[in-house]
1. Here is a list of conditions, (1) at pLDDT 95 or above; (2) within 18 Å of C29 (Cβ to Cβ); (3) of a type outside the set (G, A, S), and H278 meets all of them except one; can you say which number that is?
2. Please determine whether any residue of region 241-250 is aliphatic (A, V, I, L, M), surrounded by fewer than 19 Cβ atoms within 10 Å (Cβ to Cβ), touching a strand residue (DSSP E or B) at 6+ places or on another chain (Cβ under 8 Å) and not assigned by TED's automatic domain parsing to the domain that holds F61.
3. It is to be established whether one or more residues within region 184-194 are out of contact with any helix residue (DSSP H, G or I) (no Cβ under 6 Å at 6 or more places or on another chain), closer than 23 Å to L31 by Cβ and assigned by TED's automatic domain parsing to the domain that holds P22.
4. Limited to region 221-240, what total is found for residues that are of a type in the set (D, E, K, R), touching a residue at least 40 places away in the same chain (Cβ under 8 Å) and either buried (at least 19 other Cβ atoms within 10 Å of the Cβ) or closer than 14 Å to T302 by Cα (or both)?
5. Could you say which residue among G45, G18, G34 is buried (at least 17 other Cβ atoms within 10 Å of the Cβ), touching a residue at least 12 places away in the same chain (Cβ under 8 Å) and under 17 Å from P135 (Cβ atoms)?
6. Which count do you get for residues in region 232-262 that are under 21 Å from the mean Cα position of the chain (by Cα), over 26 Å from I281 (Cα atoms) and in a loop (DSSP other than H, G, I, E, B)?
7. So which of R25, R9 is under 20 Å from L205 (Cβ atoms), without any contact (Cβ under 8 Å) to a residue 40 or more places away in the chain and buried (at least 18 other Cβ atoms within 10 Å of the Cβ)?
8. Out of all the residues in region 122-141, is one or more in a helix (DSSP H, G or I) and in contact with a helix residue (DSSP H, G or I) (Cβ under 9 Å, 6 or more places away or on another chain)?
Amino acid sequence: MHTPIGALRENIAKAYLGRSEPIDRLITCLLARGHALIEDVPGVGKTVLASALAKSIDCAFSRVQLTPDLLPADIIGVSIYDRESGSFRFNHGPLFTNILLADEINRTTPRTQTALLEAMNEASVSVDGVAHPLPLPFMVLATQNPYDFEGTYPLPENQLDRFLMRISLGYPEPEVESRLLDLRPAQHVLAKLEPVIHREQILELQNSVDQVRLDESLRRYIVELARATRRHEDLLVGISPRGTLALAHAARATALMHDRDYCIPEDILDNLVEVCAHRVITRSFGAGRNWQLAAEILRQVTESVASPM
């Protein structure tokens with residue numbers, strides 16, 4: 001494919017040899033100005049996938065390995081007194097970048113996790129009462145291990161809600177895993193990966209997403225899906241208005257990924273689980289504790305709400 005999106009997809013696939021669906025999900029998040037949470041067991045390529053996306057774009061990239069002893073200032077930055085000027089000077093932390101890879105986000109404490117909230121929501125941070133805008137585009141790619149692994153801190157619901165998508169990778173197919181033994185992409189291919197798309201092109205594509213048409217019938221469909229989750233007997237909390245906004249924007253980005261300037265019902269349905277399963281609270285397990293159960297409930301909801309087309 002010779003489109004910028006196609007070139008980006010192909011470049012990422014050079015380093016990440018797993019299924020193509022997670023690649024498309026990640027690009028959709030980028031186009032929709034969203035943040036992505038990549039969750040799976042260790043060793044399936046979470047960091048490789050996130051790093052491949054960042055290296056494929058000609059823009060600033062930072063990686064932070066999140067640990068229990070990391071402080072908010074280690075990510076945001078700190079104000080230092082300058083004797084010559086007699087004032088405080090703000091030293092930017094790794095957060096001030098275009099693509100931030102927050103590796104193993106649930107291994108750091110809630111205090112540091114919440115330091116990312118304002119940045120993810122507002123694309124700026126406040127330090128000593130002064131707002132510091134972040135460079136655009138700005139995207140957080142966070143990886144995390146399942147909650148039942150040792151030394152992890154479950155993300156609070158309000159931070160989970162800031163991620164446009166929660167993406168699972170799964171284990172690779174046997175033939176792909178066999179190729180990994182020889183290719184070792186994390187050590188060889190990833191290091192040689194070159195950018196194939198510029199920062200300005202990403203901004204143009206993001207602006208194009210805003211122009212994708214979402215018919216009134218599709219807007220009502222999204223709202224009806226959300227209302228159905230709020231009434232579902234197995235859910236304590238259904239999809240919020242922020243969730244409906246996220247689903248609509250993901251649908252627009254998906255349409256653009258397919259070279260369309262209008263949305264169809266499949267653009268909504270294809271994103272429903274990844275965009276909304278981490279936003280609902282099930283009665284049996286609570287928020288985020290059983291993503292598979294939430295995903296199944298959402299699939300049930302799609303069968304009870306009639307598609308407009």
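The values are calculated or read from the model by the stated rules, or taken from the named source; none is laboratory data. Predicted model, so just to flag it, every value in this text is computed and none were measured. FYI the Cβ positions are ideal-geometry reconstructions off the backbone, even for glycines, and counts take in every protein chain you see.
1. Going through the list (1) at pLDDT 95 or above; (2) within 18 Å of C29 (Cβ to Cβ); (3) of a type outside the set (G, A, S), H278 breaks only (1).
2. No, region 241-250 contains no residue that is aliphatic (A, V, I, L, M), surrounded by fewer than 19 Cβ atoms within 10 Å (Cβ to Cβ), touching a strand residue (DSSP E or B) at 6+ places or on another chain (Cβ under 8 Å) and not assigned by TED's automatic domain parsing to the domain that holds F61.
3. yes
4. Final tally of qualifying residues: 1.
5. Result: G34 is the single residue among G45, G18, G34 that is buried (at least 17 other Cβ atoms within 10 Å of the Cβ), touching a residue at least 12 places away in the same chain (Cβ under 8 Å) and under 17 Å from P135 (Cβ atoms).
6. 1
7. R9
8. The answer is no; no qualifying residue exists.
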